[in-house]
Every structure is written in structure tokens, then in C-alpha cells.
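Enquirer: Got a structure for you, written out below as C-alpha cells; questions coming shortly.
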Amino acid sequence: MSAKPLILLGIESSCDDTSAAIIKDTIILSNVVAGQDIHTKYGGVVPELASRAHQQNIIPVVQQAIAQAGIQKEEIAGVAFTRGPGLLGSLVVGTSFAKAFALAQDIPILDVNHMYGHVLAHFIGGEEKKKPDFPFICLTISGGHTQLVLVKDYLSMEVVGTTIDDAAGEAFDKTAKLLGFPYPGGPLIDKYAQEGDASKFVFAKPNMQNYDYSFSGLKTSILYFLQKQMKVNPAFVEQEMQHICASVQQSIIDILFVKLVKASNDFGINQIAIAGGVSANSGVRKRLQEEGLKHRWDVFIPEFQYCTDNAAMIAITGYYMYQKGLFADQSISATARLTFNR
Ligand code: KG4
Ligand code: ZN
């Protein structure tokens with residue numbers, strides 16, 4: 001770590017949260033997130049509306065992040081921004097802002113891969129914070145991705161397993177939609193599941209090769225199950241809500257952990273982390289602790305504020321890129337389908 005602390009601005013705008021953070025070395029000074037309620041009534045993120053909301057939010061969010069951090073904008077030495085993957089119209093807003101801000105301040109820009117950000121959120125914090133040793137395995141589970149990542153170093157990662165259809169967060173959100181919850185329904189399933197019996201209903205589980213995932217069969221199995229039950233008893237969902245949520249959540253968790261345990265055994269790695277929006281799920285967090293005890297893993301669970309999309313994770317990734325001089329050119333553009341390995 002250099003003698004003079006490195007202060008960076010992080011920007012995240014890949015989906016429906018506009019976020020800005022200020023980081024001083026590995027310590028977060030501020031992390032402001034503006035959500036977008038506008039999508040709730042449409043049952044999912046509407047890209048055009050998300051882009052417009054980012055445009056409205058970006059300047060006040062950055063101003064708030066700088067003010068909360070108690071710094072002057074002249075102290076910022078670089079801007080880390082999410083280049084992709086995500087919604088193009090949303091990414092463009094953060095990317096353009098980062099480039100303009102850096103140009104005005106005459107500082108470098110760092111183009112961050114959003115998925116690296118989720119993983120590196122585990123390195124936020126000072127010396128006192130317990131951080132994973134390399135290599136470790138990170139299960140990144142969000143609304144858009146399900147990835148089993150072999151993390152060899154800060155900026156050297158390999159996706160060893162991924163979903164061939166829906167992401168884990170989509171499995172939660174699509175089930176939530178069937179149950180009549182507003183978007184995103186994952187947190188509501190979590191809430192109801194806490195009072196339900198997870199063994200009450202059983203749903204189909206995929207039989208995937210290697211470390212890959214599939215959630216579409218589960219979704220269909222839930223749909224047919226609900227349709228069948230509702231024919232017999234139209235009040236079924238209402239009466240059994242807690243048990244349905246607990247059973248669905250349990251199925252998703254079982255699917256996730258079978259592959260995580262397999263990867264840990266096959267690679268001989270016992271440093272295990274989870275990341276992404278779905279890692280906020282209380283059942284997922286509990287299961288990781290249980291599996292950790294059973295398999296003698298060292299487990300790493302992100303703080304809630306660093307699970308769902310946030311700029312702090314982009315800023316910490318920028319910090320490690322800055323150390324390696326991995327700066328981007330002003331000609332860089334946002335990319336919706338950014339591949340994992342840069
Ligand atoms: O990482 P994230 O904020 O955005 C993406 O990059 O996709 O993840 C959002 C996803 C949504 O699908 C949301 O329903 C899910 O994370 N999520 C949860 C919980 N909190 C957020 N799913 C289950 N239980 C939760 N507590
Ligand atoms: Zn994300």
C-alpha cells in the first residue's frame with residue numbers, strides 16, 4: 001500500500017440501481033445507492049425507464065457520495081465505472097459520466113467488469129477484516145448471473161460453472177411473480193420462507209453435467225404444481241404461502257450447493273465465498289455456514305449492503321486495477337455482453 005492513500009470514485013449503473021462510492025485504499029468512505037421503484041408496476045426492469053432514471057440520479061448520487069465521504073472532488077485520483085455486463089442504455093450513463101468527470105478532473109478511468117466487482121466486494125475493509133486467501137471459490141448469484149468462479153488472484157478469475165438458462169435471482173423473481181409478489185420478489189420469498197416448512201413441497205431438480213446450473217425446469221415444476229393445486233383449492237397460494245416459499249427457496253439452495261460442494265471437493269479448495277444479490281438470502285447464508293462446518297470450509301459472506309448492486313464493489317475493483325496501472329482510454333465504450341475474462 002502506498003504511503004499516500006489512494007482515493008477513487010466508483011460508479012455502478014448496470015441495471016436498476018444508480019450507485020456512487022468513495023474508497024480510500026480499501027476502506028469505503030461512502031456508498032450511495034438510489035433504487036428505481038418505477039419498475040415495480042411492470043413486474044421487471046424496463047431498460048428504457050432504467051436508463052432515464054440513471055440520467056436523473058447520477059449527478060445527485062455522486063454529489064451525495066462525495067459529501068458523505070467528507071472529501072473534496074480534487075482529492076479523487078481516478079474513476080472506476082462498470083463497463084459491463086448489463087443493460088446497455090444503463091451502462092452508457094455511468095460510463096459517460098465517469099469519462100466526463102475524469103476528463104474534467106484530469107484523472108484516469110478504470111473500466112470494471114461488474115462480475116469481478118461482486119467477487120472483490122470481499123476485499124472491502126481494513127486489516128482487521130477477515131478476507132479470503134487465494135485461490136478461493138466464489139458462488140456469484142444475482143438477478144442476471146449464476147457463476148461458480150475460481151478466483152486465483154484479484155484480477156485473475158475463471159468461471160468454471162454457469163447457468164444455461166435462468167439465473168438464481170430470476171428463479172426467485174419468477175416464482176415470486178407466480179405468487180403475485182411485486183418485482184423483485186426474491187426478498188419477499190426470503191421473508192415468508194422464514195415461517196414455512198421447507199420439506200412440505202418437493203419440486204423437480206435438474207441433473208446438470210460438470211458445474212453448470214439450470215433453473216428453468218424448477219420454474220416449470222412450480223408453475224404446474226401451483227396450477228394443479230389452485231384447481232382443487234383456489235385459496236391454496238394464500239393458505240400455504242409460507243410453506244410454498246420455504247420449499248421453493250430450499251430447492252434453489254439445494255441446486256446451488258450441490259455444485260458448490262462438488263467444486264470444492266474437485267479443486268481441493270476450502271476457502272468458499274458467496275456474492276451477488278441472492279447472497280443476501282437468509283437461507284443461503286445459513287446453508288453456507290452449515291456446509292462450512294460440515295466440510296471444514298472457511299466461509300465468506302458479504303455484508304448486506306455489498307450483496308446487491310453497489311458502487312463500493314466497483315471502487316474496490318478499481319483499487320486493484322489502479323495498483324496494476326490498468327487504466328482505460330477515453331475512447332472506451334460500455335458493453336452489454338462483456339465476457340468474464342477481460
Ligand atoms: O446483484 P443484484 O443486485 O443485481 C444483479 O446484478 O442482478 O441481484 C438482484 C437479485 C434479484 O433477483 C433479487 O430478487 C435477488 O437478487 N435478491 C434476493 C434477496 N435479495 C435480493 N433473492 C432472494 N432472497 C433475498 N433476500
Ligand atoms: Zn450485480
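The numbers here are math on the coordinates, done by the rules we state, and not lab data. Computed from a predicted structure; not experimentally measured. Quick reminder, even Gly has a Cβ in these numbers, built from the backbone with ideal geometry, and neighbours come from all protein chains shown.
Results for (1) touching a residue at least 12 places away in the same chain (Cβ under 8 Å); (2) assigned to a helix (DSSP H, G or I); (3) within 20 Å of V45 (Cα to Cα), shown as yes or no for each residue.
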{"residue": "A204", "(1), (2), (3)": "yes, no, no"}
{"residue": "F225", "(1), (2), (3)": "yes, yes, no"}
{"residue": "K231", "(1), (2), (3)": "no, yes, no"}
{"residue": "V237", "(1), (2), (3)": "yes, yes, no"}
{"residue": "E240", "(1), (2), (3)": "yes, yes, no"}
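Enquirer: Quick one: which residue in D197, D190, D166, D133 is under 28 Å from F340 (Cβ atoms) and surrounded by fewer than 16 Cβ atoms within 10 Å (Cβ to Cβ)?
Expert: Going through D197, D190, D166, D133 in turn, the sole match is D133.
Enquirer: Continuing with the same structure: Looking at G117, G125, G144, which one is within 13 Å of the chain's Cα centre (by Cα), within 24 Å of N281 (Cα to Cα) and assigned to a loop (DSSP other than H, G, I, E, B)?
Expert: The match here is G144.
Enquirer: Which of the residues that make up segment 44-91 are within 14 Å of K24 (Cβ to Cβ), more than 16 Å from ligand 2 (Cβ to nearest atom) and touching a Gly at 6+ places or on another chain (Cβ under 7 Å)?
Expert: Result: G78, single match.
Enquirer: Only one residue in S279, S251, S247 is within 15 Å of ligand 1 (Cβ to nearest atom), within 21 Å of A171 (Cβ to Cβ) and under 18 Å from the mean Cα position of the chain (by Cα), so which one is that?
Expert: Within the list S279, S251, S247, the selection yields S279.
Enquirer: Considering K259, K191, which residue is among the basic types (K, R) and touching a Gly at 6+ places or on another chain (Cβ under 9 Å)?
Expert: K259
Enquirer: Report yes if some residue within segment 39-48 is within 30 Å of F172 (Cα to Cα), part of a strand (DSSP E or B), touching a helix residue (DSSP H, G or I) at 6+ places or on another chain (Cβ under 6 Å) and within 16 Å of ligand 1 (Cβ to nearest atom); otherwise report no.
Expert: No.
Enquirer: I would also like to ask the following. Select, from S96, S90, the only residue that is surrounded by fewer than 21 Cβ atoms within 10 Å (Cβ to Cβ) and in a helix (DSSP H, G or I).
Expert: Within the list S96, S90, the selection yields S96.
Enquirer: From the list I269, I274, I316, I301, pick out the single residue that is away from ligand 1 (no atom under 16 Å from the Cβ) and aliphatic (A, V, I, L, M).
Expert: Going through I269, I274, I316, I301 in turn, the sole match is I269.
Enquirer: Which number in (1) in a helix (DSSP H, G or I); (2) exposed (fewer than 15 other Cβ atoms within 10 Å of the Cβ) marks the one condition that R285 misses?
Expert: So R285 meets the others, but not (2).
Enquirer: Out of all the residues in segment 266-282, which are away from ligand 2 (no atom under 16 Å from the Cβ) and touching a residue at least 12 places away in the same chain (Cβ under 8 Å)?
Expert: Passing the criteria: F267, I269, N270, Q271, I272, S282.
Enquirer: Just a yes or no: is a residue in segment 254-265 in a loop (DSSP other than H, G, I, E, B) and away from ligand 1 (no atom under 15 Å from the Cβ)?
Expert: Within segment 254-265 (the criterion being in a loop (DSSP other than H, G, I, E, B) and away from ligand 1 (no atom under 15 Å from the Cβ)), the answer is no, since none of the residues qualifies.
Enquirer: Do you know which residues across segment 288-312 are within 16 Å of ligand 2 (Cβ to nearest atom) and either of a type outside the set (D, E, K, R) or surrounded by fewer than 21 Cβ atoms within 10 Å (Cβ to Cβ) (or both)?
Expert: Passing the criteria: P302, E303, F304, Q305, Y306, C307, T308, N310, A311, A312.
Enquirer: Sticking with this one: How many residues, within segment 70-95, are free of Cβ contacts under 8 Å to residues at least 60 places away in the same chain and small (G, A, S)?
Expert: Result for segment 70-95: 2.
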